[in-house]
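Just below is one structure, and these are the notes that go with it.
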Amino acid sequence: MKTHGNTILMTGGGSGIGEALAHRFHDRGDTVIIAGRRQEALHRAAKGRERIHTAVLDVENVAAVDAFAKKIVDDFPALNVLFNNAGIMKFEDLTGRRDLSDAEATLAINVLGPIRLTNALIDHLVDQPDAAIVNVTSGLAFVPLVAAPTYSATKAAMHSYTVSLRTQLEGKVEVIELAPPGVQTDLTPGQANRPGYMPLDAFADAVAAQFAQQPTPSEILVDEVLDFRQAERRGKFDETLEMLTKRAAEQRKAGGN
């Protein structure tokens, strides 16, 4: 991925990781279109930055994705980077029959959303010089958080999908996976101030430094996520799962969540 001069579409760009990275890409010389469901949040995230533009998109809305992609390409024909960042996370109790609306929404946004948007833009991207697709997964793709089973499963699915996408697009479009650790954002209640999670600015700075490398790593991994990424190959999967499950339960109990 070029180190400046890109035109980037960032989903989930109105808050959290998407907003923080959009600011850093903008400040290094990229044009960024931040997309999300709430125009107010997008305007706030873009304020004071002339090369950040906003576009409303609900990736759950199947009919809207193709129309959105066509308009973005018409408005920004130099678009060369798709950053699939939008996602939701819900805690779920699997021990009895339940309403599956949270699980279904998580699958729709975290898996079908990036697949549909990638599909809608792939013909355009293939024709662009220096094109790239970045899929945001999670350390939980490699060791699940059992309290958020569908979220963890969606990130594992997107990791696998990204490997296949990278292989099929080799020589045409660069495909990069960004797998964050737990970061202090509003992804779940209380997470923005949760001890033990990586501060957002520190995370964004570390990620921006890796995107400045040439060539760009195929996996963007900060130090805080390596124990998850490497747990299975190091023979520490069960140990890491037990540690994560215990720690998460303690954090949620302390936070009243």
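Any residue at all in segment 111-132 that is of a type in the set (Asp, Glu), modelled with pLDDT under 95 and closer than 30 Å to Val225 by Cα? Looking for residues that are of a type in the set (Asp, Glu), modelled with pLDDT under 95 and closer than 30 Å to Val225 by Cα, one finds none in segment 111-132, hence no. Of everything in segment 186-210 that is closer than 25 Å to Thr3 by Cα and touching a strand residue (DSSP E or B) at 6+ places or on another chain (Cβ under 7 Å), the residue that is surrounded by the most Cβ atoms within 10 Å (Cβ to Cβ) is Phe203.
This table checks each residue for (1) under 22 Å from Leu241 (Cα atoms); (2) in contact with a His (Cβ under 9 Å, 6 or more places away or on another chain).
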| site | (1), (2) |
| --- | --- |
| Val136 | yes, no |
| Phe142 | yes, yes |
| Met158 | yes, no |
| Val163 | no, no |
| Thr167 | no, no |
| Ala179 | yes, yes |
| Gln184 | yes, no |
| Arg194 | yes, no |
| Leu200 | no, no |
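Condition test on Lys71, is it under 22 Å from Leu165 (Cβ atoms) and basic (Lys, Arg)? Spelling it out, it is not the case that Lys71 is under 22 Å from Leu165 (Cβ atoms) and basic (Lys, Arg). The conditions of being assigned to a loop (DSSP other than H, G, I, E, B) and polar (S, T, N, Q) are not met by Gln210. A count restricted to segment 1-49 and to residues that are crowded, with 22+ Cβ neighbours inside 10 Å and without any contact (Cβ under 8 Å) to a residue 60 or more places away in the chain stands at 12. The number of residues in segment 126-175 that are over 29 Å from Ala103 (Cα atoms) and either buried (at least 23 other Cβ atoms within 10 Å of the Cβ) or of a type outside the set (S, T, N, Q) (or both) comes to 12. Anything in segment 215-257 that is modelled with pLDDT under 95 and either assigned to a loop (DSSP other than H, G, I, E, B) or among the aromatic types (Phe, Trp, Tyr) (or both)? List them, or say none. Scanning segment 215-257 gives Gly256, Asn257.
If you go through segment 64-108 and pick out every residue that is farther than 24 Å from Ala131 by Cβ and either under 22 Å from the mean Cα position of the chain (by Cα) or of a type in the set (Val, Ile, Thr) (or both), you end up with 14. Here is a list of conditions, (1) crowded, with 17+ Cβ neighbours inside 10 Å; (2) closer than 28 Å to Thr118 by Cα, and Leu244 meets all of them except one; can you say which number that is? Result: Leu244 passes all but (2).
The values are calculated or read from the model by the stated rules, or taken from the named source; none is laboratory data. Note that this is a predicted model, so its numbers are computed, not measured. Here the Cβ is made from the backbone with ideal geometry for all residues, glycine too, and neighbour counts use every protein chain on show.
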